[in-house]
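Novice: One structure, as structure tokens, below. Some questions next.
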Amino acid sequence: MNIVFLNTLEKETGDHRVLSAQVSIAEEQGVWNVFWNEPDSAGKPQQAQWYQGMSWDEMLSIFRHGLREKFRSGFRPIVSSELESVQVLSGKARMTQMLTYYCEENPSEEVYEQLRAWRREQASREGKAPYILATNRVLRIISVFLPQSKEELQQIPGFGEQKTNMYAGDILKITAEYTRTNGFPLDWVAKSVDIVKFESWLLAQKEQKLRMELDREVSKRKLLEITARGGSLADLQTDLTMPRRELLLWVEELDREGYDMDLLVEAELASVPEEEQIKAWNAFESEGDRYLKPVLQRMGGTEELKGKELDRAYEWLRLLRLRFRKEKESMSAQAAS
């Protein structure tokens, strides 16, 4: 059984004493379980099963209901989590969420698509990922509130002075083509939003985020189980139904976190000729391991690689890089000692 969520809660019982309990969500072969562990009056651990079944929505509903009851009885989580009340949002964070909600309720698709087209072209010119210039949420907010000056653009959450100086000219040229009904500052939004609907939207956002986190944890455990028994990227792709590129990013992330990816690396590199691996290793030594394109160019023959062959080359280079970095770290540690 895989524990995918665990949190400890405490309740003051008087005389400076604290009662500790734990709530957990576990998954086993697609079956969800929710447990509440709390000692009885004699201090003996007692476990209550709140839910067992295959329905995510039903499990989450019972989970949240059970927590609300425990909150009413005085329990509070030690670690802040997404399960806490939406009321914890306040100040700037709450206003940002309110602006996002308002924009979802009052979209301006034509302006938004123009901003996306600008971002795509600008990101291509700079050789950057589009989200680095501005996230979809930022573009949504700009498209709805239509800032007309640098000062107004800087009031958009997530668009500070540096980005304003870099991109204000292009963005304001787009927004200037449209007439707005409300101006800046944006404090008028709080008065125009239906608070009940906003709070419901906030709760839905938190539940969606929690669901994504739990789904990711389940997938992470499956990935580790498959790699531990010598599975390949193809095996991971079959079981997790994820693109290979996304799987590789995850493997690299888990490797940085200290998980052992050696068996997966070995399985994937088994089909790569030894002479190619030696060329790549030498290229890492001379070109560094930050970027793969110079390494591939150093190896020669890159002109002939296209499509799937080029993708495959980058795949095994990323995995060999994990081995190369681990070797470097080991040598550095030996030299330090």
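Novice: Give the residue list of GluC sites (Glu not before Pro) in the range 126-222 that are DSSP loop and have at most 16 other beta-carbon atoms within 10 angstrom.
Specialist: Working: sites: 126, 151, 152, 161, 177, 199, 207, 213, 217; in loops: 177.
Counting only loop positions with at most 16 other Cβ atoms within 10 Å, the GluC sites (Glu not before Pro) in the range 126-222 are 177.
Novice: With every protein chain left in place, what is the accessible area per residue of the range 1-130 in square angstrom, probe 1.4 Å? Mind showing how you got there, number by number?
Specialist: Numbers: 7720 Å² over 130 residues.
I get 59 Å² per residue for the range 1-130.
Novice: List the aspartates and glutamates whose alpha-carbon lies under 17 Å from that of residue 11, not counting same-chain residues fewer than 8 positions away?
Specialist: The qualifying aspartates and glutamates are 38, 40, 69, 84.
Novice: In the chain, what percent of the accessible surface is made up of carbon and sulfur (1.4 Å probe, ligands and nucleic acids excluded)? Working shown, then result.
Specialist: Working: 9580 of 20100 Å².
Of all accessible area on the chain, carbon and sulfur atoms account for 48 percent.
Novice: First measure r as the distance between the Cβ atoms of residue 124 and residue 173, then evaluate 1/(1 + (r/R0)^6) with R0 = 22 Å and state the FRET efficiency to the nearest 0.05.
Specialist: Numbers: r = 18 Å, r/R0 = 0.84.
Result of the calculation: an efficiency of 0.75.
Novice: What net charge do the residues around residue 50 carry, taking every other residue with its C-beta under 15 Å from that of residue 50, with Lys and Arg at +1 and Asp and Glu at -1? Don't jump to the answer; show the numbers that get you there.
Specialist: Numbers: positive: 64, 68, 70; negative: 27, 38, 57, 58, 69.
With Lys, Arg at +1 and Asp, Glu at -1, the net is -2.
Novice: Identify the trypsin sites (Lys or Arg not before Pro) of the range 268-337 meeting these criteria: DSSP loop state and at most 14 other C-beta atoms within 10 Å of the C-beta. Walk me through the intermediate numbers first.
Specialist: Numbers: sites: 279, 290, 298, 306, 308, 312, 318, 321, 323, 325, 326, 328; in loops: 290, 306.
Loop-located and lightly packed - 290, 306.
Novice: Right, another one. Given bins 20 angstrom wide, list per bin the percent of all Cα-Cα distances in the chain, short to long.
Specialist: Each 20 Å bin holds this share of Cα pairs: 22, 41, 35, 2.
Novice: Lys pairs in the range 200-337, Cα-Cα under 23 Å, at least 8 apart or on separate chains: how many?
Specialist: Counting lysine pairs in the range 200-337 gives 13.
Novice: Now for a separate question. Using all Cα-Cα distances in the range 256-316, what percent lands in each 5 angstrom bin from 0 up to the longest?
Specialist: 4, 16, 24, 27, 20, 7, 2, 0
Novice: For the range 1-157, restrict the atom set to alpha-carbon positions and state the Rg and Dmax in Å.
Specialist: Spelled out, the Cα radius of gyration and Dmax of the range 1-157 are 22.9, 69 Å.
Novice: Continuing with this model, one more query. Compute and list, largest first, the equivalent-ellipsoid semi-axes of the range 124-222 from the alpha carbon gyration tensor, each √(5λ) rounded to a whole angstrom. Before the final figure, lay out each step's value.
Specialist: On the way: eigenvalues 183, 103, 19 Å².
For the range 124-222, the ellipsoid semi-axes come out as 30, 23, 10 Å.
Novice: Between beta-carbons, use under 13 Å as the cut-off and find the net charge around residue 33, counting Lys and Arg +1, Asp and Glu -1.
Specialist: Numbers: positive: none; negative: 27, 28, 58.
Computed value for this residue: -3.
Novice: Within 14 Å, Cβ to Cβ, of residue 124, how many net charges do the neighbouring residues add up to if Lys/Arg are +1 and Asp/Glu are -1? Don't skip to the end; give the middle numbers.
Specialist: Numbers: positive: 116, 119, 120, 125, 128; negative: 121, 126, 170.
Combined, the nearby Lys, Arg, Asp and Glu give +2.
Novice: On a 1.4 Å probe surface of the protein chains, which of 95, 59, 331, 242 comes out largest in accessible area, and what is the full order?
Specialist: 331, 95, 242, 59
Novice: Which loop chymotrypsin sites (Phe, Trp or Tyr not before Pro) in the range 220-324, with loop taken from DSSP, have no more than 12 other Cβ atoms within 10 angstrom of their Cβ?
Specialist: Details: sites: 250, 259, 281, 284, 291, 314, 316, 324; in loops: 259, 291.
Loop-located and lightly packed - 291.
The values are calculated or read from the model by the stated rules, or taken from the named source; none is laboratory data. These figures come from a predicted structure and were not determined experimentally. A quick note on method: Cβ atoms are made from the backbone with ideal geometry, for glycine too, and the neighbour counts reach across all protein chains shown. Areas reflect the complete protein model, heavy atoms only, side chains present, ligands, DNA and RNA absent. Shrake-Rupley method; radii C 1.70, N 1.55, O 1.52, S 1.80 Å.
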